[in-house]
Amino acid sequence: AMRIIDTAYKLLNVQTGEGRTVLLLIAYSLCMGGAVAVFYTCSTSLFLSSFPRNELPWAFVAGGLLVYGLGAGVQRLQRYTSSARLNAWLLGFLLVSVTALLLTPADVHSRWVYFVLFLWNRVFVFINGVTFWATAAKLFNFEQAKRLFSFISLGDVISSIISYFSVPVLLSFVPTHQLLFVTVFFLLLCA
């Protein structure tokens, strides 16, 4: 079994001592890619079924402002805490906020909940960038990064493809808003 792992590492250009870190980052990338893809599909579908399409530009502007504010807040927090702790807080925030949106009672479900869900797409992408790529950039030097980043990000690509193709199948069993359960499951795996 060890020879197979060593051969695989050699084929993938993973050097001694990098294997465990690379595997953990690929696992995180797989789970976060699935979470992002399912959340994006769910929130975009709910937004487009609740708002006329001419509202879409305003939603993108609002999402940009939200991420700008979140980025300013994260930048401040970086001065006072370690990146590992900040990443844990951000992932926890994402998990709690998506769970709260999922558990919003059905009688409260208005089109504005779907608007917030749509805005949260940008939050997802921002937090993924901070928690994943900023961490990977700190773990590897420039030469390692050039060699490993394309391989590590393959997990995100594979899980996105699988998730996007599985959504039509899932929708035959559950309503659109319940796809958020899949997102929460993937976020729990990330945590």
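The values are calculated or read from the model by the stated rules, or taken from the named source; none is laboratory data. It should be emphasised that the depicted structure is a prediction, and the values quoted were computed from it without experimental measurement. We place every Cβ from the backbone using ideal geometry, glycine too, and count neighbours over all the protein chains shown. Side chains included, ligands, DNA and RNA excluded: accessible areas come from the protein's heavy atoms. Shrake-Rupley method; radii C 1.70, N 1.55, O 1.52, S 1.80 Å.
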### Task
Determine which member of the set LEU103, LEU188, LEU117 is among the aliphatic types (A, V, I, L, M) and surrounded by 15 or more Cβ atoms within 10 Å (Cβ to Cβ).
LEU117
### Query
So, of the residues in region 136-171 that are modelled with pLDDT of 85 or more and hydroxyl-bearing (Ser, Thr, Tyr), which turns out to be nearest to LEU12 (Cα to Cα)?
SER159
### Task
Count, please, the residues in region 145-161 that happen to be among the aliphatic types (A, V, I, L, M), within 16 Å of GLY34 (Cα to Cα) and surrounded by 14 or more Cβ atoms within 10 Å (Cβ to Cβ).
3
### Message
Given the criteria over 30 Å from SER82 (Cα atoms), open to solvent by 80 Å² or more (accessible area, probe 1.4 Å), modelled with pLDDT of 85 or more and over 20 Å from the mean Cα position of the chain (by Cα), does VAL174 qualify?
### Response
no
### Query
Here are some residues: PHE132, PHE142, PHE165. Which one is loosely packed, with under 15 Cβ neighbours inside 10 Å and under 18 Å from ALA37 (Cα atoms)?
PHE165
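Rundown of residues vs (1) under 15 Å from PHE126 (Cβ atoms); (2) of a type outside the set (Lys, Arg), yes/no style:
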site: VAL61; (1), (2): no, yes
site: LEU77; (1), (2): yes, yes
site: TYR80; (1), (2): no, yes
site: ARG85; (1), (2): no, no
site: ALA88; (1), (2): no, yes
site: LEU91; (1), (2): yes, yes
site: VAL96; (1), (2): no, yes
site: LEU103; (1), (2): no, yes
### Message
If a residue counts only when it is surrounded by 14 or more Cβ atoms within 10 Å (Cβ to Cβ) and under 18 Å from the mean Cα position of the chain (by Cα), which helices (runs of 4 or more DSSP H) contained entirely in region 1-91 have at least 1 such residues?
### Response
19-50, 56-78
